[in-house]
Amino acid sequence: MVAPGLRVLFCGINPGRVSAAARAHFANPRNDFWRLLHAAGFTPRLLEPAEQSSLPDHGVGVTNAAHRTTPGSGDLRAADFEGAAERLERIAVELQPAWIGFVGKEAYRGAFRERPELGLQQRAVGDTRLFVLPSTSPANAAVPWEERLRWFAELARLSEPVPRPAVRALLLDRDGRVFLHRFRTAGDDGVWVTPGGAVEEGEDEEQALRRELREELRLDGVELGPWVWCRRHVWHWPAQRAVFDTRELIAVVRDVDPARVRPTAHDSLFAGPGAIEEHRWWSVDDIAASGDVFAPRRLAEHLRRLLRDGPPPAPVDVGT
């Protein structure tokens, strides 16, 4: 369960029989992984293994060093880790997690053929830092809960996201189409998003949104509607070697004349060099039928509800 720009990608050693049968990581009810994840503050509530697909919403993901299912990690052979280091390095380069947290020393040793100590490792993979945690397996019961939690909490502290308030505008024309843009690179089609950005020091949300519209689209003098949506996104910015916890407020702006929207040519700080910016007005049906990626992911569903029911009494959490 991986995604781009994660705060921490947790790497277990391999799937046990219970996890393989459940098709979920750390599915053995005696395994403490999910409880430690919540107790250390990585997730706002205790997740079940079947909810693992929601992990990227909290800036974390999970994978394994070896793929073969065994009754226990002691049944693994050196050949089971063939290519593990290269695969993790490829993930680090392509998806750029801020940290890889190895759940157990054997997961790290299997991948890199060296015995680690617990905690921060001297080795790094590109911009991705490595951290070794105690195993959460019931076979590691000799290590008490408090000790395991201490190491999970230390990784949580080191990877703590920087709060980043932000605003965006849901620009709608008279036909109910929404204006979106994205940055494409050679290896990544990017994500279609609404225009906006971070709230700068000394600004309130409305001032920030008006500035962003003016800077990005040369659009001024519009009537900002109510704040209709909110969204949280935890992500890694490798250039800053930082993880950000972006809390967005999204305002609706209705009856926008597309002729007034004149995007300015600017580089994305996040897409990297060579990125190409694209702009488009989308209908709800076009979004629903598209195979492209949108933010929020369920944009068509939320936009359809907004157009049908009007603004909600308070901003609705629309997810990642």
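Since every read-out is calculated from the coordinates, none of them should be taken as a lab result. The structure presented is a predicted model; accordingly, all values stated were derived computationally and were not measured. Neighbour counts run over all protein chains shown; Cβ positions are idealised from the backbone, glycine included.
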Cα centroid of the stretch 18-35 to Cα centroid of the stretch 127-181, whole Å: 20 Å
Once you have a ≥ b ≥ c as the square roots of the Cα gyration tensor eigenvalues for the stretch 162-317, tell me rounded if a/c is under 1.5, and otherwise prolate or oblate according to whether a/b is larger than b/c. rounded
Normalised by the residues of the chain, what does the relative contact order come to in percent, with Cα pairs under 8 Å and at least six apart? 18 percent
Specify which labelled value, from [x] 63, 43, 40; [y] 62, 60, 35; [z] 66, 40, 39, agrees with Cα extents along the principal axes in Å derived from the coordinates of the model shown. [z]
Using just the helices of the chain, give the 222 nm mean residue ellipticity in deg cm²/dmol: DSSP H runs with n ≥ 4 each add -39,500 (n - 2.57), and the total is spread over all residues, rounded to 500. -7000 deg cm²/dmol
Row for the stretch 1-119, column shape: gyration tensor on C-alpha, a ≥ b ≥ c, rounded if a/c < 1.5 i.e. under 1.5, prolate if a/b over b/c, else oblate; value oblate
Subtracting the Cα-Cα distance from 0.36 nm times the residue separation, let me have the gained length for E48 to R184 in nm, one decimal. 45.4 nm
Taking only C-alpha pairs under 8 Å that are 6+ residues apart, what is the relative contact order of the stretch 1-128 in percent? 37 percent
Counted charge near T128, where neighbours are those whose Cβ lies closer than 12 Å (Asp, Glu -1; Lys, Arg +1): +2
Within 12 Å, Cβ to Cβ, of D204, how many net charges do the neighbouring residues add up to if Lys/Arg are +1 and Asp/Glu are -1? -3
DSSP-assigned coil residues among GluC sites (Glu not before Pro) in the stretch 167-240, each with at most 11 further Cβ atoms within 10 Å: E200, E201, E223
Could you grab the relative contact order for the stretch 162-317? Cα pairs under 8 Å, six or more apart, rounded to a whole percent. 33 percent
Could you tally the net charge around R304, taking each other residue with its Cβ under 13 Å from the Cβ of R304, Lys/Arg +1 and Asp/Glu -1? 0
